[in-house]
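J.: Supplied in structure tokens, the structure appears directly below.
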Amino acid sequence: MGTDMEMDMDGDVEERRVQVRFITKLKPPYRVPNTSIAIPANLTRLGLSTIVNSLLKAGEDEWESQPFDFLIDGELVRLPLEQFLLAKGISAEKVLEIEYIRAVALQKEDEPSLHDDWVSAVDGSCPRFILTGCYDNLGRVWRAAGECTHVLEGHSGAITSVSVVNSEGTDSVTVATASKDETLRLWKFDNEEHSDQPSKIRAFKILRGHNASVQSVAVEASGSMICSGSWDCTINLWRTNVSDTEGDLVSIKKRKVKNKAEESQLEGEALSTLVGHTQCVSSVCWPEPKTIYSASWDHSVRRWDVEMGKDLSSIFCGKPLSCLHVGGEGSALIAAGGSDPILRIWDPRKPGTSAPIYQFSSHNSWISACKWHSKSLFHLLSASYDGKLMLWDLRTAWPLAIADSHEDKVLCADWWKGDSVISGGVDSKLCISSGISVL
Amino acid sequence: MGASKKESVEVNKKEEEENKNRKKTQPTKKEKLSTEESLLHKKQEDRAKNYKGFSEDDASEDFKSVEKSEAGDSESSGDEGFHNTSSNEGLANESQSEDSEPDQGGEESDSSEDEVAPRNTVGDVPLEWYRDEKHIGYDITGKKLKKKERQDKLDSFLANVDNSKNWRKIYDEYNDEDVEVTNEETKLIRRMLKGKAPHGDFDLYAVLGLVRAIRKGLIKFDKPKEEPRFYMLWGDDASSSEKTGHLSYIPAPKPNLPGHEESYNPSLEYIPTQEEINSYQLMDEEDRPKFIPKRFMSLRSIPAYENAVKDSFERCLDLYLCPRVHKKRINIDPESLKPKLPSRKDLKPYPATCYLEYKGHKDAVMSISTETSGHWIASGSSDGTVRLWEVETCRCIKVWEFGEVVQYVAWNPLPELPVLAVSVGQDVFLLNTGLGNEETQRKVKELLHVATSTALDDSGNKVSAWSWLQDDKHEGIRLQHFKTVYSVEWHLFHPTRSIFFVSTKKNVRVYDLLKQKLIKKLETGLREVSSISVHPAGDNVIVGSRDGKLCWFDMDLSSKPYKVLKCHPKDITNVAFHRSYPLFASCSDDCTAYVFHGMVYSDLNQNPLIVPLEILRGHAISNGRGVLDCKFHPRQPWLFTAGADSLIKLYCH
């Protein structure tokens, strides 16, 4: 097989060749024979992909060509092979091992789901539905593109952030929303019921305590606590009273219902307040039970110890930050974006440095959202005011894919079901792009 | 050594090497014989110096050496010295000998002395002084040199008889030792005693020939001077001032030299056509060519030059009526005149890039104001609306319609009371922005509620200059003035003291509110003041003017501007200080906003540092107006600009 290839290529003018061996971690249908072959050194990613596809086709006649991405020494090949080796100082003398993975691309784009106003928040952490927040003060639950099942009514200001608190039970789902009306609300609904008209839900609990617009909400992994960041420079911790005091809640609810049928909402107060930021806390993230990360307009990212209520460390970035997410390798890398077009990634485990380990600067305007893929170590997405959504791989400085589906600023974005990207923006659309083969 | 060279040289040869060798051999009046003698004498002397025991008279030897040094002096000082010494024939001989062969002799004696350094260090003192001592002198380390036991006469005689070579031995009294004279040395001595040159290879006649040639002038030592073949016949004009000796003389400018066209028979291309000559008549007197070329077939046919008198008259006028002045040009590196300013990079952060635009107004945005936390901004436009925007997302939250040009908007600096003051035509409205929770809303409503009865009284009596009115339509208060209101500030007051700034057309008056007195008058020197901003520390004021100038006043320094920055080609519409960063900005009708670094030091000895940082462009001109207002974000180093093109832009760092 390999000799055939060489024969084909020999027709060309004299050119440099490199000995390569293609390896992969993919499952058998994607495997190619483990022999080394000589290929022209000036091949690009497309050429490499063609070779792998033809190798696969030789093994299986029914094979349908599909794009691949190639890794050499843990870095994605984005230059012609020769230039890449030269740039990285890799010797072309010995047999080069090239790992191939399925290329990440946005393959399918669903019809956008229209809202009445700007879509400001989106959460896709539960594969069964998408939760969105909107500037018309309503939260919405979507089962699929264009299929709205529930409307969350009650806020008197635009919703700024939404988060799924608990989606363990099949019948009951708890979600939290933060709003510019200075409150957070907890909602509960039955995800299984289906009707043509979206059913209206009222919050079962209102969390008051912030003195200014609440910008962000994050849920602890078990779902018993949530934290929120606000324009009043504080982070408040709240108990959701879902898992542990379910019984009490129900009884209170019933009693209240007897008194006033309409006022069936509980009011909650903040469990504790984390003070330290000097400006608006624009984003919070709660990846581990004891640690909260927060990003603020005071240019800092802080790590808080939940039990002590103190900030353990802070990273200064120089720009006001508006979004933050923690994930990636060891669920420890901090990705943050803000008032400039650069998506920065820090590794807080590296001692004595506050310089970002990666900086991605393909956007043209403020970055409004960034999210790590929940399973992949390398992939994250970012949304920007330039109307673009970008998929990033840590192994290359170029974006893997750019989604241009929004006409105006993109305000929020998230992964959904592991292979889709959902985003909402100023054009009042919720866009779902699927078919992303990250793993 | 030198002699061998001289031998080989022909008398009339003018080789440079020889010239060098004899450079110092000046032609003298001495007889050639005396020269010869002196040469011999010199050699003798050198030898004698080395073998002192040989010379009969120590004292005379010393004398000679002294003379020698004198002769050396005279040689260096030239002919005069020579003549002085020439009074004594013998001495003159010696000096002559020095002249003729100065280098060779000196070197020889020096080197021989170096070979055998004298043990004794007493120097040239009469040795009788040590005759009765046990030592003859001191060695180089300062120790006494003991006298050897002298052989008595008998012993010496016996030794003389026994040893046939004892006659060669000479006693060196100076170093107190016996020296044996070698065969070669005895030969030298013998030759000298016979009156010959010490060395056998020394040709006296060759030297004499050279001396003769020099006297006749056949050998020359100076290179002939090259005379320039060409020279300025009339002298150099530039150096003529030196010639005249007058310091103030400045040469007259030269008249232009004639060109080809002034020839009596120029080439055809110089001759203008008749049409061209006609067109000259239409030209202005100044532009008309002075001379029109003409052809003449022969010199004979050339007429008299009609302008001869006029030309020479004008030339004379030029020469004596035009003041001629020396202009002193100073060579200064223009770079060195620039003030040393820190680099822009070190002064970050400052607004530089526009990322966000606030779109919605239909006409020029007249004024913007930021809320204290930096979450909201308000803008007033000439389309008659006031809009409330969310900074982060550029979303327009609220619109108030007034139907009249909104001149000015201002937020209440207190964050608890989100109230907006708006000046529209003759009225000032206080608006409830509707921000905040129920509690703040309740307070705001309380504040903005006016008892209608009192308001009516005021407006009815017209006692005060303005009146309060409840304005239900806009949920606020209406203050009616009799004149158009241009500017509303909650407090354009001193940030820390009760001082109030009022700007007139040319000056800024500073009032003390407590004493109700004018405490200072800042003289701007500007044509028309358009805007003013006070530094958050309070002692510095910037003033923008309609002629594009920006004045920085340091109130502690003087009432005159500390710096005047002429940067905008058109009217400055507004100036602003940042509340926390050392930044200030000016915006102008030329569609730009300038951002400056303006550092005020707490040290009173240090003047404020002003560094221009960035020119922010992006607004389009509309109806001849550019940027109408600029305000800094209260907490970030960002600048909002309001343009006549109905846009508000946010420049971020």
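The values are calculated or read from the model by the stated rules, or taken from the named source; none is laboratory data. No experiment lies behind these values; they were computed from the predicted model shown. Glycine also receives a Cβ, built like all others from the backbone with ideal geometry; neighbour counts cover every protein chain displayed.
J.: For the list (1) buried (at least 18 other Cβ atoms within 10 Å of the Cβ); (2) modelled with pLDDT under 90; (3) within 14 Å of chain B (Cβ to nearest Cβ), I need the number of the one condition that A:G318 fails.
T.: The failed condition is (1).
J.: Any residue at all in segment A:92-110 that's part of a loop (DSSP other than H, G, I, E, B), without any contact (Cβ under 8 Å) to a residue 12 or more places away in the chain and not assigned by TED's automatic domain parsing to the domain that holds A:A176?
T.: Taking every residue of segment A:92-110 in turn, at least one turns out to be part of a loop (DSSP other than H, G, I, E, B), without any contact (Cβ under 8 Å) to a residue 12 or more places away in the chain and not assigned by TED's automatic domain parsing to the domain that holds A:A176.
J.: Oh, and also: Hey, could you check segment A:369-407 for residues that are within 11 Å of the chain's Cα centre (by Cα) and within 14 Å of another protein chain (Cβ to nearest Cβ) and say which is farthest from A:A103 (Cα to Cα)?
T.: A:A369
J.: Okay, next question. Yes or no: B:N607 away from chain A (no Cβ under 14 Å), surrounded by fewer than 24 Cβ atoms within 10 Å (Cβ to Cβ) and under 19 Å from B:Q407 (Cβ atoms)?
T.: no
J.: Applying the selection to segment B:623-639, what residues are assigned to a loop (DSSP other than H, G, I, E, B) and more than 14 Å from chain A (Cβ to nearest Cβ)? Quick ask: steps written out before the conclusion?
T.: If we filter segment B:623-639 for residues that are assigned to a loop (DSSP other than H, G, I, E, B), which is where we start, we get B:623-624, B:626, B:633-638.
Correct list: B:N623, B:G624, B:G626.
J.: Being more than 14 Å from chain A (Cβ to nearest Cβ) and not in a strand (DSSP E or B) narrows it down to one of B:A620, B:A576, B:A642, so name that one.
T.: Numbers: B:A576 fails: not in a strand (DSSP E or B); B:A642 fails: not in a strand (DSSP E or B).
The match here is B:A620.
J.: In addition: Can you tell me which residue in segment B:374-394 is nearest to the other protein chains (Cβ to nearest Cβ), limited to those that are among the small types (G, A, S) and surrounded by fewer than 22 Cβ atoms within 10 Å (Cβ to Cβ)? Before you say what the answer is, go through the steps one by one.
T.: Applying the first criterion (among the small types (G, A, S)) to segment B:374-394 yields B:374, B:378-382, B:384.
Narrowing further to those that are surrounded by fewer than 22 Cβ atoms within 10 Å (Cβ to Cβ): B:374, B:382, B:384.
On the way: B:G374: 8, B:S382: 26, B:G384: 25 Å.
Among those that are among the small types (G, A, S) and surrounded by fewer than 22 Cβ atoms within 10 Å (Cβ to Cβ), it is B:G374.
J.: Among the residues of segment B:602-613, is any closer than 25 Å to A:W366 by Cβ and more than 36 Å from the chain's Cα centre (by Cα)?
T.: To start, the set of residues in segment B:602-613 that are closer than 25 Å to A:W366 by Cβ comprises B:613.
Subset that is more than 36 Å from the chain's Cα centre (by Cα): none.
No, there is no match, as no residue in segment B:602-613 is closer than 25 Å to A:W366 by Cβ and more than 36 Å from the chain's Cα centre (by Cα).
J.: Let me ask another. When residues of segment B:606-635 are filtered for being more than 27 Å from B:D554 (Cβ to Cβ) and not hydroxyl-bearing (S, T, Y), how many remain?
T.: Taking segment B:606-635 first, the residues more than 27 Å from B:D554 (Cβ to Cβ) are B:617-626, B:628.
So of that shortlist, the ones also not hydroxyl-bearing (S, T, Y) come out as B:617-621, B:623-626, B:628.
The number of residues fulfilling the criteria is 10.
J.: Of all the residues that make up segment B:378-425, how many are of a type outside the set (S, T, Y) and either outside any strand (DSSP E or B) or over 20 Å from B:L650 (Cα atoms) (or both)?
T.: Start the filter on segment B:378-425 by keeping residues that are of a type outside the set (S, T, Y), which leaves B:378, B:380, B:383-384, B:386-392, B:394-407, B:409-422, B:424-425.
From what's left, either outside any strand (DSSP E or B) or over 20 Å from B:L650 (Cα atoms) (or both): B:383-384, B:391-392, B:394, B:400-407, B:412-422, B:424-425.
Residues that pass the stated criteria total 26.
Here is a yes/no grid of residues against (1) within 14 Å of another protein chain (Cβ to nearest Cβ); (2) surrounded by 19 or more Cβ atoms within 10 Å (Cβ to Cβ); (3) modelled with pLDDT of 85 or more:
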{"position": "A:T245", "(1), (2), (3)": "no, no, no"}
{"position": "A:V284", "(1), (2), (3)": "no, yes, yes"}
{"position": "A:S322", "(1), (2), (3)": "yes, yes, yes"}
{"position": "A:V326", "(1), (2), (3)": "no, yes, yes"}
{"position": "A:G337", "(1), (2), (3)": "yes, yes, yes"}
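J.: Quick check: anything in segment B:343-350 in contact with an Asp or Glu (Cβ under 9 Å, 6 or more places away or on another chain) and within 14 Å of chain A (Cβ to nearest Cβ)? Please lay out each step first, then the result.
T.: Taking segment B:343-350 as the starting set, the residues that turn out to be in contact with an Asp or Glu (Cβ under 9 Å, 6 or more places away or on another chain) are B:344, B:350.
Now drop any that are not within 14 Å of chain A (Cβ to nearest Cβ), which leaves B:350.
There is at least one residue in segment B:343-350 that is in contact with an Asp or Glu (Cβ under 9 Å, 6 or more places away or on another chain) and within 14 Å of chain A (Cβ to nearest Cβ).
J.: If I go through segment B:320-358 residue by residue, how many of them are within 28 Å of B:M599 (Cβ to Cβ), surrounded by 10 or more Cβ atoms within 10 Å (Cβ to Cβ) and among the hydrophobic types (A, V, I, L, M, F, W, C)?
T.: Of the residues in segment B:320-358, the ones within 28 Å of B:M599 (Cβ to Cβ) are B:333-356.
With surrounded by 10 or more Cβ atoms within 10 Å (Cβ to Cβ) added as a condition, the list becomes B:341-342, B:344, B:347-356.
Applying the additional criterion that residues be among the hydrophobic types (A, V, I, L, M, F, W, C) yields B:341, B:347, B:352, B:354, B:356.
Residues in segment B:320-358 being within 28 Å of B:M599 (Cβ to Cβ), surrounded by 10 or more Cβ atoms within 10 Å (Cβ to Cβ) and among the hydrophobic types (A, V, I, L, M, F, W, C): 5 in total.
J.: Please determine, by comparing only the residues of segment A:300-315 that are within 23 Å of the chain's Cα centre (by Cα) and hydrophobic (A, V, I, L, M, F, W, C), which one is farthest from the other protein chains (Cβ to nearest Cβ).
T.: Here is the first cut: in segment A:300-315, the residues within 23 Å of the chain's Cα centre (by Cα) are A:300-304, A:314-315.
After this cut, where a residue has to be hydrophobic (A, V, I, L, M, F, W, C) as well, the list is A:301, A:304, A:315.
Details: A:V301: 17, A:W304: 22, A:I315: 17 Å.
Step by step, filter segment A:300-315, then rank; the result is A:W304.
J.: Using beta carbons and a limit of 7 Å, which pairs, at least six apart or on different chains, have the first residue in segment A:408-431 and within 13 Å of another protein chain (Cβ to nearest Cβ) and at pLDDT below 90 and the second one surrounded by fewer than 24 Cβ atoms within 10 Å (Cβ to Cβ) and not in a loop (DSSP other than H, G, I, E, B)?
T.: Final answer for the pair search is A:S428/A:L114.
J.: Residues that are surrounded by 13 or more Cβ atoms within 10 Å (Cβ to Cβ) and of a type in the set (D, E): which helices (runs of 4 or more DSSP H) entirely in segment B:150-223 hold 1 or more of them?
T.: Working: elements: B:153-162, B:183-193, B:204-216.
Per the criteria, B:183-193.
J.: Restricting the search to segment A:183-213, which residues are within 14 Å of chain B (Cβ to nearest Cβ) and buried (at least 23 other Cβ atoms within 10 Å of the Cβ)? It would help to see each step written out before you state the result.
T.: Taking segment A:183-213 as the starting set, the residues that turn out to be within 14 Å of chain B (Cβ to nearest Cβ) are A:183-184, A:206-213.
Passing the criteria: A:T183, A:L184, A:L207, A:H210, A:S213.
J.: On to the next question. Is it true that A:L333 is away from chain B (no Cβ under 14 Å) and more than 20 Å from A:A295 (Cα to Cα)?
T.: When the stated conditions are applied, A:L333 does not pass them.
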